[in-house]
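One structure below.
Every read-out reported here was derived from the displayed coordinates using simple, explicitly stated rules and does not represent laboratory data. Quick caveat: nothing in here was measured; it's all calculated off a predicted structure. In this analysis, Cβ positions are derived from the backbone assuming ideal geometry, glycine residues included, and neighbour counts consider all displayed protein chains.
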Amino acid sequence: MSDHRAAEFKRKLLTQLHEAVSSNGISPEMKPLVRAALTNPRILGTFSAVYRGDFFGDAKGVYIGMGDDPFLMEFGDRATSDLWKTVVTSPNNGWITQLDAQGQRKDAHTPPSVLAGLMALAFDGQVDDGRSKVLHVGTGPGYFAALLATYLQDHKRLTSIDIDPEVVSKATKSLNAAGFFPNVEVADGLKGPDKPELFRTLIASVATDEIPPAWVDLIEPGGQVIAPVRGANTEAVLQLKATNASTLEGKFKPAVLNMMRVQAPALNETSIQAPSVKEMTSSSITADSFEPDSDFLFFLERLHPRLSVEIPADPSQATVLRDNAGNQAKVHFLTKSANHTQQIQIERQGAKDLWAQVAESHGLWQKHGEPKPTELGVTVTAQGSALWAREPDALISPPRAVPPHIAVARNPPGACTFRRKPGIR
């Protein structure tokens, strides 16, 4: 594509970013961050300098409809394609260009509005000493690495890592061809680069369920971690400060991110046959507690990151709880009583009562004054993480070790299946 055409598309992307901030094109939580990015000359300059279209490699198109039947919309001739123009200039869309063998997204582009917000969170109001290093977790196509390298000016101040060798190879090729030369390495994002060193900032462009303790040892005192966290239904950005050499601490910022989650091929799969137990109970926890914008649901997914809550589109169907040890509970919300309790039918499998875990969590949420998502924070040390409300000394749960990341798979009838993931993608 001609330099003139690329410059035109970069200008259009910036124009649409400004328009999205002025309209309803960006979620309310992200608007202040994107606005800060667009009023920061140095961050704004990075988007003017980097052409998003340089980071699609040989992709034939983008995948639409990530359900059971995704289909590929092809670009055709990029020089004249309206789809290509839409893809590279859209500020709020994350595009999927490659699927893995299981039909899950393998290579995806995070929306530029989200990347702008992350950069504002990391750099706006900060003084750059011109020397401090930045670690980027989740290289992906390479576009965000190019933005970060441009912002830092000295490209070698940036190290970008990804667990997938194929992704790293493609991204490095795209970066170098476009004139960007950061350090790009194959490494497990849960652990960091193979060569031990300290960074002023760690910024992730993949979402994980909670912060890996190994990140504590990667950040110099006074440094920071900017990382998306995501449960089955809620997501947020964490800005953690290194309060000393062994502690990261900060609050959640709820946000709509549309960001790629931790991904990796399954290593092990185990099916556990478990008897089914049915029971009736009444509870102050109602179906409304599991609405996607529920404060309690946000709390629950932060307190128990590996508890999956599947909310049905049809309220007459069961809400399904699963964990990574093969336990499951199907929860049917029945009639509401006059005293604001609800009759509930529970069908559970496995050794652990997941509904009891939810009820205990609801009690903790009430005990701590039903904190809003923005009032929740986390302290991370090498030993694990602890959730707190409003102030770090108001612990909701004691520090817990963070086990290996495990993905809960959809279970066949009568069996519970789990798959272990080795690290971040």
Out of 325, 313, 389, any idea which swings most in a Gaussian network model of the chain, alpha carbons joined below 10 Å? 313
Starting from 0.36 nm per residue, how many nanometres of slack lie between residue 131 and residue 191 once their C-alpha separation is accounted for? 19.3 nm
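Too long at a 32 Å Cα-Cα cut-off: which of 195/251; 241/330; 330/367? Present the calculation step by step, with values, prior to reporting the outcome.
Numbers: 195/251 30 Å; 241/330 39 Å; 330/367 26 Å.
Violating the 32 Å Cα-Cα cut-off are 241/330.
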Highest-fluctuation residue, 300, 395, 202 considered, GNM on the chain with Cα pairs under 10 Å: 395
Proximal aspartates and glutamates relative to residue 173, as straight alpha-carbon distance under 12 Å, when same-chain residues fewer than 8 apart are discounted: 54, 58
Which of 379, 86, 234 fluctuates most in a GNM of the chain (C-alpha springs under 10 Å)? That residue is 86
What's the lysine pair count for the stretch 1-126 at a Cα cut-off below 20 Å, pairs eight or more apart or interchain? 5
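Projected area of the chain, taken from the Cα convex hull and averaged over every viewing direction, in nm²? Spell out each step's value before the answer.
On the way: hull surface 84.4 nm².
Hull-based average projected area comes out at 21.1 nm².
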15 Å beta-carbon shell around residue 150, net charge (K/R +1, D/E -1): +2
Charge dipole magnitude, Cβ of K and R +1, D and E -1 - the chain, Cα centre, debye nearest 20: 400
Which listed residue (32, 111, 55) has the Cα farthest towards the positive end of the charge dipole for the stretch 1-126, taking +1 on Lys and Arg C-beta and -1 on Asp and Glu C-beta about the Cα centre? 32
Quarter of Cα convex hull surface for the stretch 1-126, i.e. mean projection, nm²: 8.6
Spatial separation of Cα centroids for the stretch 74-107 and the stretch 129-161, in angstrom: 23
Residue 245 versus residue 64: modelled label distance in nm, points set 7 Å from Cα along the beta carbon direction: 5.6
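Can you tell me the relative contact order of the chain? Whole percent, Cα pairs under 8 Å, sequence separation 6 or more. It would help to have the intermediate numbers written out before the result.
Working: 909 pairs, mean separation 54.3, N = 425.
Across the chain, relative contact order equals 13 percent.
Work out the length of the dipole vector of the stretch 1-126 about its Cα centre, built from +1 on the beta-carbon of each Lys and Arg and -1 on the beta-carbon of each Asp and Glu, and round it to the nearest 20 debye. Write down the numbers at each step before the final one.
Details: 13 positive and 14 negative charges, 94 e Å.
Rounded to the nearest 20 debye, it is 460 debye.
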